[in-house]
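Here is the structure we will look at.
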Amino acid sequence: MLKRIIPKIVNFFSSGSNKSVIAICFLMSTLFWFLIKFSKEYTYYIDYPVEFVNQPIDKYLKGEPISELKVKVNGYGFNFLKETFSDRILEIDVSKLQHQGSTYFWLSQSERADIARELNGFSILQIDPDTLFLNFSNKTKRSVEVKVPLSLNFRENYVQYGELKILPKTIEIFGPSHVLDTLSYVYTDVLAQDDIIEDIDASLHVRLPHELLSTRDLEVQVSQEVARFTQINKVIPIKLKNVPKGKELRIKPSQVDLSYWVAMKDVDKVKASDFEIYCDYNEVAMTQSAVLNVFLDKDKTPSIVQRVKYHPSTIEFIKMN
């Protein structure tokens, strides 16, 4: 489309018609007006954005500080035109400011040379305000737990081995007391990985839920061991608990088929005797049918196994006396 329009424009201006002459004169007059206007000197205010960095971690600003300075300058129109496309910002380092107690102050004269260098082509006449006052209040401190949201997808037969390790597990948070009183833990960024077959080591950013909160521990180290697991099947005898003296109970079946997942490197560490499967004689008096529940003693189950299942979960019984 552009290829068709350009020849038409060229033909129009080279045709010598009255309309083309008028158009050329209009464009020339506009160009000269533009050059004359922007060649003159003007005096205006330029908005100069500011940002306060390195604020004291144990204090917070009372009230909203100004976001920009008003810099009165003198310069040519072309410089003002160029300034409209600028995205500069003045960073004020609070840690280097003079202060009396919790009041910090900044003098424009201290940054005048840097501002003049940035505003090259202008003469600086005035900076408003000439002094900035930053009033801080003290923050309180609290130790809170760090939690890591997980989105982990393991390759088939690979599983987390042991607990997720977070260092440090708790961090000190600074903030107003009315905000800290509602805080018992903080989250990090999500730990997300796919097709995992190797140990995980990562640095995660701590996410503070309120803008007035701060911490020295901006990141935590996270590690998770990963191992290839396999399923093991064993036959476990059922024990009877709480059988009164002189009482006898016959159960059927007398054993269960138990399966569990264990890291391949730990297969030889787990024996059938490490699991305790039992029925409770006290249930006999509570059931109207000749059926008892089968339980797994989780307190005696090895910590290195996962996904423990057994069958059956109920058995029949006969009271012998």
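The values are calculated or read from the model by the stated rules, or taken from the named source; none is laboratory data. All values reported here derive from a predicted model rather than from experimental measurement. Note that each Cβ is placed from the backbone with ideal geometry, even for glycine, and that neighbours are counted across all protein chains shown. To get the accessible areas, we keep the full protein, side chains included, count just its heavy atoms, and leave off ligands, DNA and RNA. Shrake-Rupley method; radii C 1.70, N 1.55, O 1.52, S 1.80 Å.
Identify all residues within region 170-201 that are outside any strand (DSSP E or B), farther than 21 Å from F229 by Cα and either touching a residue at least 40 places away in the same chain (Cβ under 8 Å) or open to solvent by less than 90 Å² (accessible area, probe 1.4 Å) (or both); write none if there are none. Step through it out loud before you land on a result.
Keep residues of region 170-201 that are outside any strand (DSSP E or B), which gives 176-184, 189-190, 197-199.
Applying the additional criterion that residues be farther than 21 Å from F229 by Cα yields 176-184, 189-190.
The answer is P176, S177, V179, L180, L183, S184, D189, V190.
Can you tell me which residues in region 205-233 are surrounded by 14 or more Cβ atoms within 10 Å (Cβ to Cβ) and aliphatic (A, V, I, L, M)?
V206, L208, L212, L213, V220, V222, V226, A227, I232
Write out, first by first residue and then by second, each pair whose Cβ atoms fall under 7 Å of each other, whose residues are 6+ apart or on separate chains, and whose first residue, in region 87-110, is of a type in the set (K, R) while the second is surrounded by fewer than 16 Cβ atoms within 10 Å (Cβ to Cβ).
The qualifying pairs are R88/E118.
Looking at the structure I just gave you, is L167 more than 25 Å from the chain's Cα centre (by Cα) and either at pLDDT below 90 or open to solvent by 40 Å² or more (accessible area, probe 1.4 Å) (or both)?
Spelling it out, it is not the case that L167 is more than 25 Å from the chain's Cα centre (by Cα) and either at pLDDT below 90 or open to solvent by 40 Å² or more (accessible area, probe 1.4 Å) (or both).
What is the residue count in region 265-279 for residues that are in a strand (DSSP E or B) and not hydroxyl-bearing (S, T, Y)?
Residues meeting the conditions: 2.
Identify, by number, the condition in (1) touching an Asp or Glu at 6+ places or on another chain (Cβ under 6 Å); (2) farther than 25 Å from P56 by Cβ that Q221 doesn't meet.
Here Q221 clears every test but (1).
Which residue is farthest from D266 (Cα to Cα), if the candidates are limited to region 111-126 and must be free of Cβ contacts under 8 Å to residues at least 60 places away in the same chain and buried (at least 17 other Cβ atoms within 10 Å of the Cβ)? Reasoning before the result, please.
Restricting attention to region 111-126, the residues satisfying the condition of being free of Cβ contacts under 8 Å to residues at least 60 places away in the same chain are 111-114, 116-118, 120-121, 123-124, 126.
Filter once more, so that each one left must be buried (at least 17 other Cβ atoms within 10 Å of the Cβ): 111, 124.
Details: E111: 66, I124: 75 Å.
The residue in question is I124.
Each row is one residue, and each column tells you yes or no for (1) in contact with a Phe, Trp or Tyr (Cβ under 8 Å, 6 or more places away or on another chain); (2) assigned to a helix (DSSP H, G or I); (3) touching a residue at least 12 places away in the same chain (Cβ under 8 Å); (4) open to solvent by 50 Å² or more (accessible area, probe 1.4 Å).
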| site | (1), (2), (3), (4) |
| --- | --- |
| V235 | no, no, yes, yes |
| I238 | yes, no, yes, no |
| G246 | no, no, yes, yes |
| S289 | no, no, no, yes |
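Scan region 127-160 residue by residue and report those that are open to solvent by less than 40 Å² (accessible area, probe 1.4 Å), assigned to a strand (DSSP E or B) and among the charged types (D, E, K, R).
Within region 127-160, no residue meets the criteria.
Here are V294, V256, V267: which of them is aliphatic (A, V, I, L, M), touching a Cys at 6+ places or on another chain (Cβ under 9 Å) and over 12 Å from K319 (Cα atoms)?
Exactly one residue qualifies, and that residue is V294.
If you go through region 293-314 one residue at a time, do you hit one that is open to solvent by 60 Å² or more (accessible area, probe 1.4 Å) and of a type in the set (F, W, Y)?
yes
Suppose we keep only residues that are closer than 18 Å to S67 by Cβ and part of a strand (DSSP E or B) within region 89-126. Which one would you say is modelled with the highest pLDDT?
Y104
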